[in-house]
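These notes concern the structure reproduced below.
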Amino acid sequence: MTAKSLDFLTEALRRLPGVGPKSAQRMAYHLLQHDREGAAMLARALFQAVEQVHHCALCNTFSESEVCDTCADPERDTALLCVVETPADQMMIEQTLTYKGRYFVLMGRLSPLDGIGPKDIHLEKLMQRAADGLVREVVLATNFTSEGEATAHYIAEMLKARGLQVSRLARGVPVGGELEYVDAGTIARAMLDRRST
């Protein structure tokens, strides 16, 4: 028979993506048996994050202040607005060191089958941000999944109707990729999106 606190910890760990009942149970036992200090640190970090981290008033990403560091940076190009699905996607674009504009983070993507509509991904807030008079181009950097593509198409139509220039991330063969190992869909898209040299 297990303790109620242990059951509660196991159920809490199951909320993490990709963690099933057995994995959650192993994690709970490990933390309590081998790393109580780590468990206490994890508890403090989670509590602090939940209390301190909110959404940026401008771009909707996670921030401890009303406006995130990226939005507050005067060196950023206010005419460019990159739309991404998640803060993790924003971080990946930042790591490329190739984009110096601003962002808007949807915190999801359209998925009617899952009951996720335009209000759930903050499209009204995005439209206000894009129509602020400063933005000239919106770069749609949603994922290349069916939901990501549908979200990009929906947003593009709304932005074009407001007279904004809209672009989409290019797709194609990855750097260092060999054609024989790349799937046919990726090669087809790369062929369609080819550019002159």
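The values are calculated or read from the model by the stated rules, or taken from the named source; none is laboratory data. Small disclaimer: the values here were computed from a predicted structure and weren't measured. All Cβ positions, glycine included, derive from the backbone under ideal geometry; neighbour counts span all protein chains shown. Only protein heavy atoms, including side chains, enter the accessible area calculation; ligands, DNA and RNA are left aside. Shrake-Rupley method; radii C 1.70, N 1.55, O 1.52, S 1.80 Å.
Which of the residues that make up the stretch 12-47 are among the small types (Gly, Ala, Ser) and either under 30 Å from Ser65 (Cα atoms) or assigned to a helix (DSSP H, G or I) (or both)?
Of everything in the stretch 12-47, those that are among the small types (Gly, Ala, Ser) and either under 30 Å from Ser65 (Cα atoms) or assigned to a helix (DSSP H, G or I) (or both) turn out to be Ala12, Ser23, Ala24, Ala28, Gly38, Ala39, Ala40, Ala43, Ala45.
Here are some conditions: (1) surrounded by 13 or more Cβ atoms within 10 Å (Cβ to Cβ); (2) assigned to a loop (DSSP other than H, G, I, E, B); (3) free of Cβ contacts under 8 Å to residues at least 60 places away in the same chain. Cys59 meets all but one. Which one does it not meet?
(3)
Testing Val50 on (1) at pLDDT 95 or above; (2) in a loop (DSSP other than H, G, I, E, B); (3) of a type outside the set (D, E, K, R); (4) open to solvent by 50 Å² or more (accessible area, probe 1.4 Å), one condition comes back false. Which one is that?
(2)
Looking at (1) outside any strand (DSSP E or B); (2) free of Cβ contacts under 8 Å to residues at least 60 places away in the same chain; (3) within 14 Å of Cys82 (Cα to Cα), which one does Gly172 not meet, given that it meets all the others?
Gly172 satisfies all of (1) outside any strand (DSSP E or B); (2) free of Cβ contacts under 8 Å to residues at least 60 places away in the same chain; (3) within 14 Å of Cys82 (Cα to Cα) except (3).
Sort through Arg15, Arg44, Arg36 and tell me the only one that's free of Cβ contacts under 8 Å to residues at least 40 places away in the same chain, of a type in the set (Lys, Arg) and within 30 Å of Ala72 (Cβ to Cβ).
The conditions single out Arg44.
Looking only at the stretch 109-130, filter to residues that are in contact with a strand residue (DSSP E or B) (Cβ under 8 Å, 6 or more places away or on another chain) and of a type in the set (A, V, I, L, M, F, W, C); which one of those is farthest from Glu147 (Cα to Cα)?
So, considering only residues that are in contact with a strand residue (DSSP E or B) (Cβ under 8 Å, 6 or more places away or on another chain) and of a type in the set (A, V, I, L, M, F, W, C), the one farthest from Glu147 (Cα to Cα) is Ala130.
Out of Glu180, Glu137, Glu149, Glu124, report the one residue that is within 20 Å of Cys59 (Cα to Cα), without any contact (Cβ under 8 Å) to a residue 24 or more places away in the chain and open to solvent by 40 Å² or more (accessible area, probe 1.4 Å).
Only one candidate passes the filter, namely Glu124.
Please determine, by comparing only the residues of the stretch 95-121 that are in a strand (DSSP E or B) and more than 14 Å from the chain's Cα centre (by Cα), which one is nearest to Leu58 (Cα to Cα).
The residue in question is Arg102.
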